[in-house]
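Below is one structure, written out as C-alpha cells; comments come after it.
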Amino acid sequence: HQTRVEARLDKPYGAIMGRAYKRDAQGRLLLRGGQPYAATTAPDHYFGSVQPQWTGGWGNTLNYKGVRLYALLDFRRGGHLASITNLWGDYTGIFPRTLRGREADWDKPGIVLSGIDEATGQPNTISIDAETYWQFIAYNCGQVIEDWIYDASYTKLREISLSYNLPGSFASRLGAARASVSSAGRNLHTWTNYKGLEPEASFQGGTRGFGQWEQDVTPQLRSYVGTLRLNF
C-alpha cells in the first residue's frame, strides 16, 4: 500500500502522505468506466498528522471505611491512522460494507458511483459489480488510501479497581498484621469513532512509522484480576 509518514516542510511532524482520488474543481469524483482512479502515481496527498492535538488522563480515588474505589480514564483527541486491516478486508469482501451492490446476487444490483464520467463530462451511469469495485479501489487503481484514513481520537476506561481492608481480627487469624482483598478490570471500554481494530495500534514502533498504519494487530486486551494481600 502507498502510505507513509513524513517530516515534510510546512506540515506537522508525522504527516500521513498517500494517494487520493482524482476529482474535478467541484470536488466530484472523476470516473473511468464507472471506477475512480488515483489523482497521481505518487503518494503526495496530505491526510493529516499522526500526532494528536492533545492527550490526557483523569484518575480518581474514593475511600470510605476501608473501601477504596479507583478509576482511570485516558483521552486522545486528534491524530489520524491508516487502517490497512480494513483495506484488505474490503478487498477480500469480508466486511459488511462490501455487501453493497450484491444484495441480490454477487453482481446484482451492482454499484453506480456518484461522480462524473471523465470521457463524457456527464454524471456517471455505469454499473459495476461489488467485487470489481472493491478490488479495484483497494489495489488495482494504485492503492488509493483515502477511504481508510480515520480519526484516531478515543476515550478509554483504562482501569477500575475496588479494594477492602479486612478487619484486624481476620488478619490475625491468618498470622498477618494487615489483610486486604481487591479486584480490578483494565481496558474495560473504548469510546471512539475509529473504524479499524484499535486506535492505539501501530504496525511499527518508535518514531519511525509510529501511528503510520494499523494492520493485523491485536486490540488492547480486557483483563480482570483478583488479589488477596497479607502484610506480616
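The values are calculated or read from the model by the stated rules, or taken from the named source; none is laboratory data. Predicted, not measured: the structure shown is a model, and the values here were computed from it. Note that each Cβ is placed from the backbone with ideal geometry, even for glycine, and that neighbours are counted across all protein chains shown. We work out accessible area using only protein heavy atoms, side chains counted, and drop any ligands, DNA or RNA first. Shrake-Rupley method; radii C 1.70, N 1.55, O 1.52, S 1.80 Å.
Values for this structure:
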{"item": "Test: residue in the range 48-64 that is in contact with a Gly (Cβ under 9 Å, 6 or more places away or on another chain), modelled with pLDDT under 95 and closer than 30 Å to D117 by Cα", "result": "yes"}
{"item": "Qualifying residues in the range 102-113 (those that are among the hydrophobic types (A, V, I, L, M, F, W, C) and out of contact with any Pro (no Cβ under 9 Å at 6 or more places or on another chain)) - the one least open to solvent (accessible area, probe 1.4 Å)", "result": "I111"}
{"item": "Test result for L174, touching a residue at least 60 places away in the same chain (Cβ under 8 Å) and either within 22 Å of K22 (Cβ to Cβ) or not aromatic (F, W, Y) (or both)", "result": "no"}
{"item": "Qualifying residue in the range 123-136 (condition: surrounded by 20 or more Cβ atoms within 10 Å (Cβ to Cβ) and more than 21 Å from L30 (Cα to Cα))", "result": "no"}
{"item": "Odd one out for Y139 among (1) in contact with a helix residue (DSSP H, G or I) (Cβ under 7 Å, 6 or more places away or on another chain); (2) crowded, with 17+ Cβ neighbours inside 10 Å; (3) aromatic (F, W, Y)", "result": "(2)"}
{"item": "Top-ranked residue of the range 175-196 - restricted to ones that are small (G, A, S) and open to solvent by less than 50 Å² (accessible area, probe 1.4 Å), ranked as modelled with the lowest pLDDT", "result": "A176"}
{"item": "In the range 36-89, the residues that are out of contact with any Ser or Thr (no Cβ under 6 Å at 6 or more places or on another chain), of a type in the set (F, W, Y) and closer than 30 Å to G168 by Cα", "result": "Y64"}
{"item": "Test: residue in the range 156-174 that is at pLDDT 85 or above, open to solvent by 60 Å² or more (accessible area, probe 1.4 Å) and charged (D, E, K, R)", "result": "no"}
{"item": "Qualifying residue in the range 114-122 (condition: within 26 Å of the chain's Cα centre (by Cα), at pLDDT 95 or above and open to solvent by 60 Å² or more (accessible area, probe 1.4 Å))", "result": "no"}
